[in-house]
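Reading through the C-alpha cells given below for one structure.
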Amino acid sequence: MAKLIDGKVISAAVKEEVKAEVSALKQKGVTPGLAVIIVGEDPASKVYVANKEKACEASGMASFKYALPENTSEEELLALIQKLNNDSCVNGILCQLPLPRHLNEELIINSIVPEKDVDAFHPQNVGKIMIGNYDFLPCTPAGIMEMLKYENIDIEGKECVVIGRSNIVGKPMSMLLLHKNGTVTVCHSRTKNLKEVCKRADILVAAVGRANFVTADMVKPGAVVIDVGINRLENGKLCGDVNFAEVEPVASYITPVPGGVGPMTIATLMKNTVTAAKKQNNI
Ligand code: NDP
C-alpha cells in the first residue's frame, strides 16, 4: 500500500511560510500584489482563478482580478498587460490559460515583463530554468519538487519518467528532475513501448490529460507516482491521469486527485509572487 503524498498538508505548510513572509514585507511597507487576468467563461479556468484569489487573500497579499469578456481584442489585452507591467502595486501577473482562440497565447505571454511573470512561462524565464539559474520556477513542476522534498524522496540517480511534454508541465518537470540528478525520460504521444518505458521508472510523473491513463501494469513495484492530471468525468467528479485504485497497491508513494498536485501549484504561485515583490523592491 502506497503512502499518500498529501498536497493539502504540504501546501498549507508552504502557504504558512508565505503568510509570514508577506507579513514581514508589509512591515517594510511592501504589500505583494498579484494580478490575475481571465478572458472568457471557461468554467475550469473560473474555478482556478477563484482559488488563486482566495489563496492571495488568505496570505495577506493584494489580489487584482481582471475578468474580461470572451470577445476581448488582442490590443485590449496587451494594453491591460502593459498597464500592469508599469504598476508598482502589481508584482506578479498571471494570464489564465487557455485563452480564447482569436488571441495569440505566445504573444500575450511574451508581453508580460519577465520580472512579473510568476508563472515562469516567458522565454527569458524558461531559458533561465534550462540553465539552472532562475528567479521563478513554473508552479506545477516546482510544487511537485516541493512534495518530493517534503517526503524526503531522493531523486539522484533515479530513473524518472515524465509522460507529457507540454511547456507548462512536462518539459519543465523533466528539467527540474534533471537538475536534481535524476536520469530522465520524457514520453509523449509518439513514444513507442510506453508501458515498458514507464515500468522502468522509480519516479513516474503523469501529465497527459487522460483519465485513468496510467494502469498498474505500467508501474514498477515501489515506484513513486505523481499524478498531475485534472480530468472531469461525465458524473462531474475530478479524476487524475493515474488509475488510483489499481496503482496505489503497487506504488510506494502516490498523489491523490483532487488534493495532490493541484494545491501545490497555487502555493508555488504565492511563493513566486513574494519572490517577485522582494526582487522588485531590492529586498
Ligand atoms: P497538454 O495537453 O499540453 O499535454 C499533454 C501531453 O500528453 C502531450 O505532450 C501529449 O503528447 C501527451 N500525450 C497525450 N496522449 C498521450 C498518449 N496516448 N501517450 C503518451 N503521451 C500522450 O497538457 P498539460 O501538460 O497542460 O496538462 C496535462 C494534465 O495536467 C491535464 O489534465 C491538465 O489539466 C493537468 N494540469 C494540472 C495542473 C495542476 O495544478 N494539477 C496544472 C496544469 C495542468 P504530444 O506532445 O505528442 O501531443
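The values are calculated or read from the model by the stated rules, or taken from the named source; none is laboratory data. All values derive from a computational prediction rather than experimental measurement. Every residue, glycine among them, receives a Cβ derived from its backbone with ideal geometry; neighbour counts consider all protein chains shown. Quick note on the areas: whole protein, heavy atoms, side chains included, nothing else; ligands and nucleic acids left out. Shrake-Rupley method; radii C 1.70, N 1.55, O 1.52, S 1.80 Å.
Brief remarks on what is shown
- Inside region 1-22, residues that are open to solvent by less than 60 Å² (accessible area, probe 1.4 Å) and of a type in the set (D, E, K, R) make up a count of 1.
- No other residue among Ile81, Ile10, Ile93 is of a type outside the set (D, E, K, R) and closer than 28 Å to Val225 by Cβ apart from Ile10.
- Qualifying residues in region 150-174 (those that are under 17 Å from Ser252 (Cβ atoms) and in contact with a helix residue (DSSP H, G or I) (Cβ under 9 Å, 6 or more places away or on another chain)) - the one nearest to the ligand (Cβ to nearest atom): Val161
- Index of the failed condition, Lys271 passing every other in (1) closer than 20 Å to Leu177 by Cβ; (2) part of a loop (DSSP other than H, G, I, E, B): (2)
- The lone exception for Thr140 - which of (1) open to solvent by 30 Å² or more (accessible area, probe 1.4 Å); (2) in a helix (DSSP H, G or I) it fails: (1)
- Residue satisfying all of: in region 225-283; of a type in the set (D, E, K, R) and free of Cβ contacts under 8 Å to residues at least 60 places away in the same chain; nearest to the ligand (Cβ to nearest atom) among these: Asp227
- Selection of region 20-42 for residues being farther than 11 Å from Lys278 by Cβ and in contact with a helix residue (DSSP H, G or I) (Cβ under 6 Å, 6 or more places away or on another chain) yields Leu34, Ala35, Val36, Ile38.
- Exactly one residue among Ser45, Ser63 is open to solvent by less than 10 Å² (accessible area, probe 1.4 Å) and either on the phi > 0 side of the Ramachandran plot or outside any loop (DSSP other than H, G, I, E, B) (or both), and that residue is Ser45.
- Residues of region 39-66 classified as of a type in the set (S, T, N, Q), touching a residue at least 60 places away in the same chain (Cβ under 8 Å) and within 27 Å of Glu76 (Cβ to Cβ), total: 1
- Considering the conditions (1) at pLDDT 95 or above; (2) over 27 Å from Lys171 (Cα atoms); (3) open to solvent by 50 Å² or more (accessible area, probe 1.4 Å), Lys128 is excluded by exactly one of them, (2).
- Close pairs from region 24-38: first more than 19 Å from Glu53 (Cβ to Cβ), partner not in a helix (DSSP H, G or I), Cβ under 6 Å, at least 6 apart: Val30/Asn281
- Every condition in (1) surrounded by 15 or more Cβ atoms within 10 Å (Cβ to Cβ); (2) outside any helix (DSSP H, G or I); (3) in contact (Cβ under 8 Å) with a residue 40 or more places away in the chain is met by Ile81 except one, and the failing one is (2).
- Qualifying residue in region 85-108 (condition: modelled with pLDDT of 95 or more, among the small types (Gly, Ala, Ser) and assigned to a helix (DSSP H, G or I)): no
- Single residue of region 175-205 satisfying the filter (within 8 Å of the ligand (Cβ to nearest atom) and not in a loop (DSSP other than H, G, I, E, B)) that is surrounded by the fewest Cβ atoms within 10 Å (Cβ to Cβ): Leu194
- Filtering region 146-159 to residues that are over 16 Å from Lys8 (Cβ atoms) and either at pLDDT below 95 or open to solvent by less than 30 Å² (accessible area, probe 1.4 Å) (or both) leaves Leu148, Ile153, Ile155.
- Residues of region 213-231 that turn out to be open to solvent by 70 Å² or more (accessible area, probe 1.4 Å) and within 18 Å of the chain's Cα centre (by Cα), as a count: 1
- Single residue of region 232-266 satisfying the filter (open to solvent by 60 Å² or more (accessible area, probe 1.4 Å) and of a type in the set (Asp, Glu)) that is farthest from Lys52 (Cα to Cα): Glu246
- Taking the criterion of being open to solvent by 80 Å² or more (accessible area, probe 1.4 Å) and within 24 Å of Met61 (Cβ to Cβ), the residues of region 84-107 that qualify are Asn86, Ser88.
- Checklist (1) open to solvent by 10 Å² or more (accessible area, probe 1.4 Å); (2) under 26 Å from Ile108 (Cβ atoms) applied to Leu34, failing item: (1)
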